[in-house]
Amino acid sequence: MKNLDVKILDKIVKGTVAAVEKSKSQIFDIYEAARTEMENVRRDVVRIKQETAEIIFKVDELEKKERRSRLRLMEVSRNFRNYTEFDIKAAYEDTSNVQLELAMSRLQEQNLRRQRDDLEIRLKALKNTVEKAEELVSQVGAVLGYLGNQMGTVVTQIESLQASQVFGAKIIRAQEEERRRVAREIHDGPAQAMANIVFRAEVCERLIDTDIVRAKHELKDLREQVRVALRETRKIIFDLRPMTLDDLGLVPTIRRVLDTMKERSGIFPEVKIIGEEKRLDSHIESGLFRIIQEALNNVEKHARASAVWVRIDFRPGAVSTVIEDDGRGFAAAENVGSESFGLMGIRERVNLLGGELSIKAEVGKGTRIFATVPLKS
């Protein structure tokens with residue numbers, strides 16, 4: 001019955017993840033694209049209004065200048081005997097030039113007024129679109145919340161097949177925090193990138209028939225943005241459930257976690273494997289990975305360490321791991337499990353695997369976590 005339940009739950013999880021992966025870009029791109037376009041149009045409206053005001057002032061000045069030049073021309077024409085041929089020619093040319101400049105400025109004013117009116121109409125339409133998009137985002141948020149709850153239920157059911165105890169209120173708070181973290185990472189990372197990709201793709205569509213060189217440049221940038229979005233998405237997936245754990249096993253996955261930790265925090269990691277490295281039962285590899293991962297999270301978040309050492313010892317009938325750092329440590333190590341949720345989680349996982357756990361720490365001298373898990377013969 002348990003095997004049947006696991007298969008059903010695994011199918012639910014995979015189906016839900018696939019649905020979220022398929023629709024997440026559609027969840028956010030409408031609002032982001034509309035808001036970006038609205039801000040662009042708003043800036044254009046401000047610019048056009050400024051240019052319109054400037055050309056109106058210029059037209060007014062030119063009209064005054066044109067009236068003066070016509071009066072001058074009338075004066076010269078009526079009293080042509082009092083003026084030289086050069087004066088008469090200069091009056092005609094001055095009037096002609098001013099009238100030409102005035103006509104061009106009036107045409108420019110008409111064009112700017114038309115652009116301003118068109119942009120203001122477009123801005124109003126975009127504001128309506130943004131308001132509708134915000135409402136859509138709110139509705140989508142409710143859907144994501146529902147999915148998050150469903151995913152939480154699924155995870156709880158899966159863990160209930162492996163666990164003999166429930167963490168209580170602390171595990172519930174941790175699950176909710178994890179959901180918020182994943183939602184933030186998706187929104188701030190892949191979702192934002194996808195929205196920008198959609199916008200850049202639209203730019204490419206408009207440029208492809210008018211400016212092929214610029215279109216190629218935009219496509220090159222677009223390709224890089226897709227790579228960044230893919231890299232961020234893979235990171236989120238890895239944090240949720242490293243695929244290398246199923247494909248390659250415990251040791252390669254831990255090496256990757258340590259490499260990522262070094263890049264992110266600057267903490268120098270070292271891993272040592274004792275005995276013959278081998279694949280273990282799935283639940284043991286998963287449990288050991290979570291134990292090591294939680295210990296490394298504690299080092300990164302709280303220890304203020306410059307280095308961390310991970311040792312995995314494969315022995316006949318058992319596998320053990322040591323996670324040690326040179327950080328600030330803490331007092332009352334044996335009692336910290338009742339106070340620290342991270343160490344409490346480590347202790348609980350070791351118990352579920354039927355193993356033994358030892359935590360040694362001293363203020364200013366780092367922390368050492370030693371866990372041993374038995375293997376079935």
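Quick notes on this one:
- When only alpha carbons are used to place a centre, the stretch 275-291 and the stretch 65-103 end up 98 Å from one another.
- Efficiency of FRET between Leu71 and Glu134 - r from beta-carbon atoms, R0 41 angstrom, step 0.05: 0.10
- Here is the list for the stretch 246-340: trypsin sites (Lys or Arg not before Pro) lying in DSSP coil, each with at most 15 other C-beta atoms within 10 angstrom of its C-beta, are Lys278, Arg279, Arg304.
- Model label points for Arg35 and Leu219, set 7 angstrom from Cα along the Cα-to-Cβ axis, are 3.1 nm apart.
- As a rough guide to protection, the peptides 204-211, 291-298 ranked by mean Cβ packing within 10 Å, highest first, stand as 291-298, 204-211.
- Summing Cβ point charges (Lys, Arg +1; Asp, Glu -1) relative to the Cα centre of the stretch 256-377 gives a dipole of roughly 60 debye.
- Among Ala34, Gln50, Ser69 the positive-end extreme of the charge dipole of the stretch 34-81 (Cβ point charges): Ser69
- When you restrict to C-alpha pairs under 8 Å that are six or more residues apart and normalise by the size of the stretch 57-101, the relative contact order lands at 48 percent.
Every number in this text was worked out from the coordinates using simple rules, so none of it is lab data. These figures come from a predicted structure and were not determined experimentally. Heads up, the Cβs are rebuilt from the backbone with ideal geometry, glycines too, and the neighbour counts pull from every protein chain shown.
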